[in-house]
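Visitor: I'd like to ask some things about the structure below.
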Amino acid sequence: GVVCLLRSLLLDVVPSIRQTSALALGRLADYDVELAEAVVKAGILPQLIYSLPEENRYYKKTAAFVLRAIAKHSPQLAQAVIQCGALEMLVICLEDFDPGVKEGASWAFGYIARHNPELSQAVVDAGAVPLLVLCIQEPEIALKRIAASTLSDISKHSPELAQTVVDAGAIAHLAQMILNPDAKLKRQVLSALSQIAKHSVDLAELVVEAEIFPVVLTCLKDSDEYVKKNGATLIREIAKHTPELSQLIVNSGGVAAVIDCIGSCRGTVRLPGIMALGYVAAHSENLSMAVIVSKGIPPLCVCLMEEHEDHIKAAAAWALGQIGRHTAEHARHVAVANVLPTLLDIFVDTRSSEDLKMKATLKNILQKCTYLPALEPLLHEAPPSIMKHIIGQFSKVLPHDSKARRLFVTTGGLKKVQEIKAEPGSLLQEYINTIKNCYPEEIVR
């Protein structure tokens, strides 16, 4: 029955008792979802909020903590916080002169907004965004961090919500803080800019126009892993939209910086950088060649071999596919790195996830690869779905290349091709016949 006892203490005449009982409720609610629900069911929230404007800064801070502790658990509990009129009171707290009160209110808004677009919209409608943009301009680092984090939570759900953050003038202030020495602040600033840039070309261009390049590239060398990761995420979210934005990243030295970043870290920190390279390479032959020239293929191969998580391997396989899919020259660069056997091993491995198998199918590269020395080892272990593409490439190259024809016999390739069981009249059978027709009858025998 503690919750009811604390509820009555919220009305005590002694301010420190009111504040301490609110703190106790906050800590209970923070602990788990059942306790948070108990606090809501006891009808405490209206009581907590009712007298807020007259209370001192300590009580306001504590009240904001209670609201945050309840709202964090689920969208339903966040909705309960809104229904009791908390948003209006939190806006009053955001306007308070005390940085600690502002911080508490920013934090509560963030926990409400992060759940879904509707709750985020409610925070916007309450008028919180312009005040949060003022908060990131305050001198206190802790307040800057929380306000940037909350702007990130508001922006992430939809282009419209991100646009409200942009319209409040957030981008320029966030961009100025990329070079702040505080690592935790940098994390939040990069996250907020990523959540704005990800939605559309227009929003990404607005972020770029704030002159974040080449400044943001310094974050990829940061000693803090999360700063690295969030910096690479921001580059990924910009690169994915258009060839022009990717070209801008290349021109500012972004590709080389991302490649260095992938080489200097391990695990999930690598993931956004890997995907950024894939997006850049996917746009055009020239951009893909820029990744190749910057020596982007070897670190991606390393990721395939070193990483244990399937989703990171899948991203590396996908990125290699995007690099190799444009022309025979692009495919040759990937093949020469001796990555095809590794991709094949992943593809035939029963422990690989479906997503990883799909990304490692090799088709993107095989459809363009005419570099036969890299393809030949695959003849001996490739499953039928891949074999068709490999033999298709041999049937294209062998009729026009006498040196390749000789090698194909001496390395046992011709023998292997004739052992393959193909449906009569199928495409695979046609390819095999084309290869056999390159040779005199006695060599085929």
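Visitor: Pick from segment 10-41 the residues that are open to solvent by 70 Å² or more (accessible area, probe 1.4 Å) and outside any loop (DSSP other than H, G, I, E, B): which of them is farthest from A63 (Cα to Cα)?
Guide: For segment 10-41, the residue satisfying everything is E34.
Visitor: Scanning for something touching a Pro at 6+ places or on another chain (Cβ under 8 Å), part of a helix (DSSP H, G or I) and open to solvent by less than 10 Å² (accessible area, probe 1.4 Å), does segment 117-128 turn up at least one residue?
Guide: The answer is yes, given that some residue of segment 117-128 is touching a Pro at 6+ places or on another chain (Cβ under 8 Å), part of a helix (DSSP H, G or I) and open to solvent by less than 10 Å² (accessible area, probe 1.4 Å).
Visitor: Can you pull out every residue in segment 269-292 that is assigned to a helix (DSSP H, G or I), open to solvent by less than 40 Å² (accessible area, probe 1.4 Å) and not aliphatic (A, V, I, L, M)?
Guide: R270, P272, G273, G278, S288
Visitor: Could you please give the count of residues in segment 206-246 that are among the aromatic types (F, W, Y) and closer than 22 Å to A281 by Cβ?
Guide: Going through segment 206-246 one residue at a time, the tally reaches 1.
Visitor: Now, a different point. Residues in segment 315-334 that are of a type in the set (G, A, S) and surrounded by fewer than 24 Cβ atoms within 10 Å (Cβ to Cβ): how many?
Guide: Here the count works out to 2.
Visitor: Please state which one of L414, L428 is free of Cβ contacts under 8 Å to residues at least 40 places away in the same chain and out of contact with any strand residue (DSSP E or B) (no Cβ under 7 Å at 6 or more places or on another chain).
Guide: L414
Visitor: Suppose we filter segment 53-77 for residues that are open to solvent by less than 10 Å² (accessible area, probe 1.4 Å) and in contact with a Lys or Arg (Cβ under 8 Å, 6 or more places away or on another chain); how many remain?
Guide: 2
Visitor: Sticking with this one: Of the residues V227, V250, which is touching a residue at least 40 places away in the same chain (Cβ under 8 Å), open to solvent by less than 50 Å² (accessible area, probe 1.4 Å), over 18 Å from G296 (Cα atoms) and not small (G, A, S)?
Guide: It is V227.
Visitor: Does any residue in segment 378-391 that is open to solvent by 40 Å² or more (accessible area, probe 1.4 Å) come within less than 9 Å, Cβ to Cβ, of a residue that is among the acidic types (D, E) six or more places away or on a different chain, and which pairs are these?
Guide: Correct list of pairs: E381/D345.
Visitor: Which of (1) farther than 26 Å from C369 by Cβ; (2) assigned to a loop (DSSP other than H, G, I, E, B); (3) open to solvent by 50 Å² or more (accessible area, probe 1.4 Å) is the odd one out, the single condition K295 does not satisfy?
Guide: Going through (1) farther than 26 Å from C369 by Cβ; (2) assigned to a loop (DSSP other than H, G, I, E, B); (3) open to solvent by 50 Å² or more (accessible area, probe 1.4 Å) one by one, K295 breaks only (1).
Visitor: Right, here's the next one. Among the candidates L245, L234, L206, L217, which residue alone is open to solvent by 60 Å² or more (accessible area, probe 1.4 Å), outside any loop (DSSP other than H, G, I, E, B) and not β-branched (V, I, T)?
Guide: After applying the criteria, what remains is L206.
Visitor: Test L48 against the stated conditions and say whether it is assigned to a helix (DSSP H, G or I), open to solvent by 10 Å² or more (accessible area, probe 1.4 Å) and in contact (Cβ under 8 Å) with a residue 12 or more places away in the chain.
Guide: No, not satisfied.
The values are calculated or read from the model by the stated rules, or taken from the named source; none is laboratory data. Since this is a predicted model, take the numbers as computed values, not measurements. Using ideal geometry, Cβ is built from the backbone for each residue, glycine included, and neighbour counts are taken over all protein chains shown. What goes into the accessible areas is simple: the full protein's heavy atoms, side chains included, and nothing from ligands, DNA or RNA. Shrake-Rupley method; radii C 1.70, N 1.55, O 1.52, S 1.80 Å.
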